[in-house]
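Below: the structure, in structure tokens.
The values are calculated or read from the model by the stated rules, or taken from the named source; none is laboratory data. Being a predicted model, the structure only gives us computed values, none of them experimental. A quick note on method: Cβ atoms are made from the backbone with ideal geometry, for glycine too, and the neighbour counts reach across all protein chains shown.
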Amino acid sequence: MRRLLLAATATALLTVTASAGAATPIMPLAEVAPGMRCTALTVVKGTDISSFDVEIVDVVAGDPVSANPLLLIRVSGPVVAASGIAEGYSGSPIVCDGRIAGAIAYGSGDYGNLLGYATPIEEMLGAPVPTPAGLRVDPALRHAHALRTPIAVSGVSGPVFRPFEKAAAKAGIALVAVPAAPVGSRFPVQTLVPGSSLAVGLSSGAIGAGAVGTVTYVDGQKVYGFGHPFDGTGLRSLLLQDAYVYDVVANPLDTQESVSMKIAAPGHTLGALTYDGTDGVAGVLGALPPTIPVTQRTTNAATGVSRSDVAAVADETDVGLPDGMSPIATIAPMLNAQAAYTALDGSPVLQSASMCVRIRIRELPKPTGFCNRYVGAYGGGPNGGPFTSDLITALGSIDAFSYGKPHLTGVDVTLSVQPGLQQAMLRSISGPRVLHRGQTATLRLNLQQYRGARFTRVVELRVPRAASLGRRKVRIAGTGLDGTVRTEELQLLISDQAPEDDGGDSGPKSFAKLADQIAATHSYDGMHVKIGKGTSRRLYRDPRYRISGSASLTVRIVR
């Protein structure tokens, strides 16, 4: 007998769990017959379970992947009259004569979405399924498709969400923006029963993300749903959540671009989603999976207004990152971009920011991270700017680490943003015309604030003892403006494909080197100086302005 891997991933227990009473009886496939009149259960509004009629049309050969039998069904009734079988109906239990026969899992592509396919309940529970005699192949199956379970994301405004949605689509992942689930008495913690809404959660808190479907079967603390894979990657460690349904959007065409779907938001975390197989998902109530806290503290430097946002992100480190990457590589940058957008109440083209990232890894004796300043015309779009790109880079290096299993225990981001350019341009340099080897000379930098007043800064230049004698140029150069975050970078963070490496280089070979790699995300944005043909070196970094441009001073180097 095939076993579903239903292991609890934490010892903490929730106070609210489903009843541990006897499970609903099931109907073996051998007893399912064409012409049966049954009832399906799902939520179409809020949390109340609704029912609609199901006719068993036939038992047909399964899809090429699972090769298991499926139930060809036709739905009817007021609940599905407008939408038919919609996204989010995945897992809706089909009850025949008081027993659960299967779960709605596939659409047929018919106009109106009234024909579909259901996974037999025995397949979902891992029981062996006998093949009925005379099983036929339904020609319509070539058009069948699993009901999509897009990842519903709450806590992100439309302009911020769209670049992530577009990048995810290129990576073959469907994201949909939804309102956050209601709080309080309108949406209390749900007891999961067949027909309840179920979410496979990636995160909760400031950014909620999860795929919403329907509970098919509950056996004590075990919960089964969807009737088809979420990702089909086997052992998982995600959030098992209830969900709130706002409405069902009806579209009778059922094409890839236009499909009926539930507008639903993941809700309370009730347990751990521990398995994602070909015939559905399964989890256990009451045992919480490990999560990584992400704290985003954001200040608008122009107004002084600050806010703090916290998200808990599913940690799949100990099950081997089944998707090839951690959910935090998507959630944390999305939270970062949203925080900047909220702080500025939009995305002005010209922006200045500073960000410090502190990353805690269990295998390191102290946190690692970086601090950077950002000045540039990187606004005008909601991707979050180069600070989001740096956060992507740092978190991506953890997922790509090959010489151990890093356990993230927290990510803290402190971001200060403001409209406009905290930039100054170097107009000229003044100072002594004779410089002595090994001594320090005082130079005056003549600067002008971006579209503002002129001012000066005094810096000290140490003349190298090995500087070439004679007439030389002292050239001082600043740092230019930062660019934007490209959609390709967002696609990379959302996809499960690592970037091509350089000649097969496997990256840092110890946790200490990993910490160094993350710290190397820091970039110096001050001024450099070069005397003659000597080596360029750091000279000065202004605490307030990013100084750009260059200027030269002709001097004579003497002993």
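Here are some notes:
- Of all residues in the range 195-210, those satisfying the criterion of being assigned to a strand (DSSP E or B) and hydroxyl-bearing (S, T, Y) are S197, S203, S204.
- Among the residues examined, G507 does not qualify as at pLDDT 90 or above and either within 27 Å of N446 (Cβ to Cβ) or part of a loop (DSSP other than H, G, I, E, B) (or both).
- Picking from residues in the range 307-354 that are in a loop (DSSP other than H, G, I, E, B) and small (G, A, S), the one that is surrounded by the most Cβ atoms within 10 Å (Cβ to Cβ) is S326.
- Restricting the range 510-556 to residues that are touching a His at 6+ places or on another chain (Cβ under 8 Å) and in a strand (DSSP E or B), the residue that is surrounded by the most Cβ atoms within 10 Å (Cβ to Cβ) is L539.
- Condition check for Q351: within 14 Å of the chain's Cα centre (by Cα), in contact (Cβ under 8 Å) with a residue 60 or more places away in the chain and over 24 Å from Q517 (Cβ atoms): no
- Conditions (1) polar (S, T, N, Q); (2) under 27 Å from I121 (Cα atoms); (3) buried (at least 23 other Cβ atoms within 10 Å of the Cβ); number of the one not met by S204: (2)
- Residue check: A199 meets all listed conditions (1) among the hydrophobic types (A, V, I, L, M, F, W, C); (2) at pLDDT below 85; (3) buried (at least 18 other Cβ atoms within 10 Å of the Cβ) but one, namely (2).
Per-residue answers, yes or no, for (1) among the hydroxyl-bearing types (S, T, Y); (2) in a strand (DSSP E or B); (3) at pLDDT 95 or above; (4) out of contact with any Lys or Arg (no Cβ under 7 Å at 6 or more places or on another chain):
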position	(1), (2), (3), (4)
T409	yes, yes, yes, no
T414	yes, yes, yes, no
V417	no, yes, yes, yes
R427	no, yes, yes, yes
R444	no, yes, yes, yes
L447	no, yes, yes, no
R457	no, yes, yes, yes
L461	no, yes, yes, yes
A467	no, no, no, no
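- Selection within the range 369-414: residues that are of a type in the set (D, E, K, R) and under 17 Å from the mean Cα position of the chain (by Cα). The member of this set that is surrounded by the most Cβ atoms within 10 Å (Cβ to Cβ) is D390.
- Members of the range 460-474 found to be touching a Leu at 6+ places or on another chain (Cβ under 9 Å), surrounded by fewer than 18 Cβ atoms within 10 Å (Cβ to Cβ) and among the basic types (K, R), listed by number: K473
- Residue selection: A174 fails the criterion of being closer than 22 Å to V156 by Cα and crowded, with 23+ Cβ neighbours inside 10 Å.
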